[in-house]
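Reading through the structure tokens given below for one structure.
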């Protein structure tokens with residue numbers, strides 16, 4: 001339990017922020033007009049929506065895409081057939097119209113066995129031992145196995161945020177996604193941000 005004292009409310013607030021850190025200032029573009037929808041079929045559909053805003057002189061600060069851009073609903077993987085040119089389009093849109101971009105990322109990483117599907121975000125998570133496990137664990141008996149939940153991706157593993165290396169793993173996967181999107185990403189929509197079963 002913490003108690004904060006000070007000569008005035010500002011001093012108390014400053015003492016509080018010495019413990020929890022300073023707040024992050026929301027970027028101005030995040031307070032503007034955003035567009036998001038589920039059901040984009042390809043990059044051309046995203047472009048058509050953005051062009052509609054420009055054609056009708058409507059304000060637009062940011063585009064969001066739902067799970068449509070993913071390959072088989074797998075986090076950090078872009079559907080190259082339908083959205084392979086999305087990153088280049090978004091980068092151009094940012095340069096010409098200053099439009100930002102936010103993709104969805106689900107908390108559940110598709111659980112794919114190597115014999116079924118070479119999916120490096122899952123395999124890397126297993127190798128780094130960063131996924132939630134279930135079972136019995138005590139000093140004399142440890143029978144833990146990977147916890148499998150159900151999400152958009154089907155079977156899914158969830159990052160154990162208390163495990164060593166979890167933050168590094170997640171940051172690396174987000175960096176890989178940004179590179180695959182031509183470094184067009186300005187934020188992340190973390191969807192279903194808890195270990196759930198649908």
GNM, the chain, Cα, under 10 Å: largest mean-square fluctuation among 180, 97, 57?
-> 57
Build a GNM of the chain with springs between Cα atoms under 10 Å: which of 79, 51, 68 gets the top mean-square fluctuation?
-> 51
Over region 25-191, relative contact order from alpha-carbon pairs under 8 Å, at least 6 apart, % | 24 percent
So how far, in whole Å, is the C-alpha centre of region 1-74 from the one of region 79-94?
-> 20 Å
How long is the gain from residue 54 to residue 72 if the chain were fully straight, where each residue apart is worth 0.36 nm and the alpha carbon distance is subtracted?
-> 3.3 nm
Exposure-ranked with fewest Cβ neighbours within 10 Å first, 132, 164, 67 stand as 164, 132, 67
Looking at the square roots a ≥ b ≥ c of the eigenvalues of the Cα gyration tensor of the chain, which shape do they give, rounded for a/c under 1.5, prolate if a/b is larger than b/c, or oblate?
-> oblate
Candidates 100, 128, 91, ranked by Gaussian network fluctuation over the chain, Cα under 10 Å, top entry | 128
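Throughout, read-outs are computed from the coordinates displayed, never taken from laboratory work. Here the structure is a predicted model, which means the values were calculated and not measured. Here Cβ is always computed from backbone atoms with ideal geometry, including for glycine, and neighbour counts include all displayed protein chains.
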